[in-house]
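A short worksheet on the structure shown next.
The values are calculated or read from the model by the stated rules, or taken from the named source; none is laboratory data. Computed from a prediction, not measured in an experiment: that's the story for all the values here. Neighbour counts are summed over all protein chains in view; Cβ atoms, including those assigned to glycine, are modelled from backbone coordinates with ideal geometry.
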Amino acid sequence: MSSTTTTLKLQAIPVDKEIENLIRSSKDLAVGLSSNDTRHFGPDPDGLEILPETTRKRLTDAGIDISEGYPSRPDKSLIPIYVDEATAIRDDDYEYIERAKNADPEKKALLGAAKEVIHLTKHIGTEIVGLQLEDLTDKQKDELALLVAERVVVFFRDQKLSPQKQRELGDYWGRVEEHPQASQVNGLPGVSVIWQDYFQKSLGTGLTFKNNNLGNWDAVKNSIRGTQVWHSDLVHEKRPAGITHLHLDAIPETGGDTLWSSGYAAYDKLSEEFKKFLDGKQAVFVSAHGYLDRKNPFAGPKKVERVHPLVRTHPATGWKSLYVNRGMTKRIIGLSSVESDLILNYLFDVYEKNADIQVRFKWTPSQPGLGTSAIWDNRVSQHRSTFDHEGKDPRHGTRVTSLAELPEFDPKSKSQREALGLPLDEKDFY
Ligand SMILES: [Fe+2]
């Protein structure tokens, strides 16, 4: 490098740094810490003070080093600040293997080995009893992926599951998302920590009994501060989330339930005429976090935007599912903003207000020292948490998300009820 170039580069650094620090210190933009901010990243010693005993045992049994603190907070100075940088994350092409496509449709290896298989509702949610996730063979993992694709969410109680094993399962089902901003298990990127009482204490999420559900009325006016707003995970990714696996190892005696709603059934709630109108439409999906426009950094935060089909076909079941969510679907392409808002709000309602296509799961009971797992398919569902514990009870879990295929709509695909030969009751609809 010539000395002239070196001089130019050195002169440029302080100006960039100053802008970057200004951006990172803005509370509204929330894009990361300034270099003057001394808040801790890496293992957090404060977390150890409130770490539930059951979680501590699970982590130490698994050989996770928590001697310096827990959980591990990401180095925020490395978080992208520009929207083009954020969009470039995982923008590469790679081969995705749909494991559920390799499964025996009858799922004999999985269901035959279970002590009990309990369908929690007609349309969504199944609990498997008597199997340990850590012992599943590849054949059983393929069949579980298919069961999840069909039943939308599958539960396993009384699990002895290390965070490493949970990550391994996620790697089997797809490319595991490593979140640049989420707290994680020490030394295990991709195993995110879900620990509301810790977040309340250390980050001050601002969630209260009064405000925690407001985003379910209007997610634009009431910014999403938790997971209480109906949503699907990581819709702003080029290849959004497929299977997410949440394992809770500390569970309040009462409260902290999670709800899921079926996208297959939400689609089948619509009239055949309206389905035809929506089929093939595309929508803009946005990220939860804001970033800056490099050309106009002081214009305020912008979200990563991605275009996906509004109705997508699941590659394994072949069924159509309504792919929208209140938190992150911004507009339908080709419609005016008024038309788009009206239709999207109706579609959100269909997902959120039809209790017959939802399941509400109580995580308890699991035997002492064991945890409970929920494994769901984000391509065909929405979910939300409940905040009735108000962040006061110890509730700790680890989450691993496997990203799936480039979303597609197959015009020849069928709805779930069509494919299963269930009545569509069109005559009684009007
Ligand atoms: Fe979520």
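Among the residues in the range 249-270, are any charged (D, E, K, R), away from the ligand (no atom under 16 Å from the Cβ) and within 25 Å of LYS414 (Cα to Cα)? Yes - at least one qualifying residue is present in the range 249-270.
Let's see how each residue does on (1) surrounded by 13 or more Cβ atoms within 10 Å (Cβ to Cβ); (2) in a loop (DSSP other than H, G, I, E, B); (3) modelled with pLDDT of 95 or more:
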site	(1), (2), (3)
THR54	yes, no, yes
ARG58	yes, no, yes
ILE66	yes, yes, yes
ASP91	no, yes, no
GLU95	no, yes, no
LYS122	no, yes, yes
LYS141	yes, no, yes
ALA149	yes, no, yes
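Sub-8 Å Cβ pairs linking a first residue in the range 125-138 that is on the phi > 0 side of the Ramachandran plot to a second residue that is assigned to a strand (DSSP E or B) and surrounded by fewer than 13 Cβ atoms within 10 Å (Cβ to Cβ), at least 6 apart or interchain, are GLY125/HIS119; GLY130/GLU116, ordered by first then second residue. Looking across the range 255-275, the residues that are surrounded by fewer than 18 Cβ atoms within 10 Å (Cβ to Cβ) and out of contact with any Ser or Thr (no Cβ under 8 Å at 6 or more places or on another chain) come down to SER271, GLU272, GLU273, PHE274. Checking every residue in the range 207-223 against the condition of being within 16 Å of the ligand (Cβ to nearest atom) and buried (at least 24 other Cβ atoms within 10 Å of the Cβ) gives zero matches.
Among the residues of the range 353-395, those that are crowded, with 20+ Cβ neighbours inside 10 Å, more than 16 Å from the ligand (Cβ to nearest atom) and more than 15 Å from THR254 (Cβ to Cβ) comprise ILE357, GLY371. Within 16 Å of the ligand (Cβ to nearest atom), more than 23 Å from ARG360 (Cα to Cα), in contact (Cβ under 8 Å) with a residue 40 or more places away in the chain and within 14 Å of the chain's Cα centre (by Cα), is that true of GLY190? So GLY190 fits the description; yes.
All of VAL129, VAL117, VAL153 fail the test of being in the same structural domain as GLY371 (by TED's automatic domain parsing) and closer than 27 Å to LEU406 by Cβ, apart from VAL153. Taking (1) part of a strand (DSSP E or B); (2) more than 27 Å from LEU234 (Cβ to Cβ); (3) of a type outside the set (Gly, Ala, Ser) in turn, ARG417 satisfies each apart from (1).
The strands (runs of 3 or more DSSP E) located wholly in the range 212-329 that include 1 or more residues which are farther than 30 Å from GLU53 by Cβ and among the charged types (D, E, K, R) occupy 301-309, 311-313, 320-322.
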